[in-house]
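The values are calculated or read from the model by the stated rules, or taken from the named source; none is laboratory data. Just so you know, these numbers come straight off a predicted model, no measurement behind them. Neighbour counts run over all protein chains shown; Cβ positions are idealised from the backbone, glycine included. Only protein heavy atoms, including side chains, enter the accessible area calculation; ligands, DNA and RNA are left aside. Shrake-Rupley method; radii C 1.70, N 1.55, O 1.52, S 1.80 Å.
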Amino acid sequence: MIKMLVTDLDGTFLRTDKTVSSRTKETFARCREAGIKIAYATARGSSAPAVAPPELFDGTITMNGALAKAGGEIIYSRLIPAGIARALLIACDKRGLKITSEYRDVHYTNFARPNDWTDVGYNWEITDLSRHDKDAEKIYTYDLTPDDRLFINRLLPDELYSVMSNDGILFIMHKDATKARAVAALATFWGIRPSEIVAFGDDLNDLDMLSFAGFGVAMRNGCAEAKRAADYICDANDNDGVAQWMEEHALCTE
């Protein structure tokens with residue numbers, strides 16, 4: 001029996017144009033009526049509620065697992081300490097890389113927000129990173145060459161790890177800030193076993209979550225690694241794959 005549904009947002013719950021279909025909304029409402037807890041797990045921070053209607057979800061996981069909430073209450077939090085974050089930010093800034101540290105809905109950065117990043121949020125502060133003194137929920141950079149990525153990974157202390165998204169953004173988090181750990185924290189809070197969880201994802205940062213859940217479901221539009229990690233492959237995000245799978249496997253009354 002499925003008692004918890006957790007879904008990635010971009011490329012999974014959201015269609016390519018960042019909308020949510022009426023079918024998905026109706027299916028999620030039916031899941032909640034059936035007693036299934038619903039959460040999303042995303043690399044997004046403050047931009048998540050703008051694309052994921054809050055009324056559809058019982059819990060949220062943001063920053064790739066750095067922060068998990070249930071009903072607004074913080075259940076799990078794993079931040080990058082300020083000193084470790086600052087050393088990494090300074091080194092990347094000196095190399096000329098575009099680098100951002102995100103904390104409490106503010107993006108502290110060394111570059112102007114691109115015009116097409118309309119869903120990132122407007123709390124964007126160009127900052128003297130050498131004086132930055134805040135912890136980080138997530139650090140990210142993009143437009144990297146292979147040498148740049150090697151440079152960053154050599155800088156990372158044991159406390160941190162990095163993962164590259166399909167759209168070329170490199171995320172850096174605390175080693176314990178993973179989607180699987182955050183999902184586990186929410187499940188424990190709700191008294192749900194891993195075997196009772198279904199997780200949907202499409203990208204590299206979903207792999208641990210897909211493996212952790214009793215039912216790991218990769219999107220047809222997902223990367224090859226996600227499909228290998230999953231137990232099932234559902235239809236693409238633009239075809240309401242998540243809703244379709246839930247209708248067939250969790251809500252079917254026949």
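Give the residues of the range 107-159 that are more than 21 Å from residue 78 (Cα to Cα), modelled with pLDDT of 90 or more and under 19 Å from the mean Cα position of the chain (by Cα), sorted by residue number. Answer for the range 107-159, where residues must be more than 21 Å from residue 78 (Cα to Cα), modelled with pLDDT of 90 or more and under 19 Å from the mean Cα position of the chain (by Cα): just 142.
Of all the criteria given as (1) over 20 Å from residue 210 (Cα atoms); (2) in a strand (DSSP E or B), the one not satisfied by residue 161 is (1).
The numbered conditions (1) at positive phi; (2) part of a strand (DSSP E or B) are all true for residue 35 except (2).
Quick check, is residue 218 in a helix (DSSP H, G or I) and either more than 12 Å from the chain's Cα centre (by Cα) or of a type in the set (D, E, K, R) (or both)? Criteria not met by residue 218. For the range 194-213, the candidate set comprises residues that are within 16 Å of residue 1 (Cα to Cα) and free of Cβ contacts under 8 Å to residues at least 24 places away in the same chain; within that set, the residue that is nearest to the chain's Cα centre (by Cα) is 194.
The set of residues from the range 114-159 being open to solvent by 80 Å² or more (accessible area, probe 1.4 Å) and in contact with an Asp or Glu (Cβ under 8 Å, 6 or more places away or on another chain) comprises just one member, 123. Among the residues of the range 58-76, those that are without any contact (Cβ under 8 Å) to a residue 24 or more places away in the chain and not aliphatic (A, V, I, L, M) comprise 60, 69, 71, 72, 73.
How many residues does the range 38-64 hold that are part of a helix (DSSP H, G or I) and crowded, with 24+ Cβ neighbours inside 10 Å?
Taking the range 38-64 and keeping what is part of a helix (DSSP H, G or I), we get 48-51, 54-56, 63-64.
With crowded, with 24+ Cβ neighbours inside 10 Å added as a condition, the list becomes 63-64.
Matching residues across the range 38-64 total 2.
Residues in the range 175-194 include none that are under 30 Å from residue 94 (Cα atoms), open to solvent by 60 Å² or more (accessible area, probe 1.4 Å) and in contact with a helix residue (DSSP H, G or I) (Cβ under 7 Å, 6 or more places away or on another chain).
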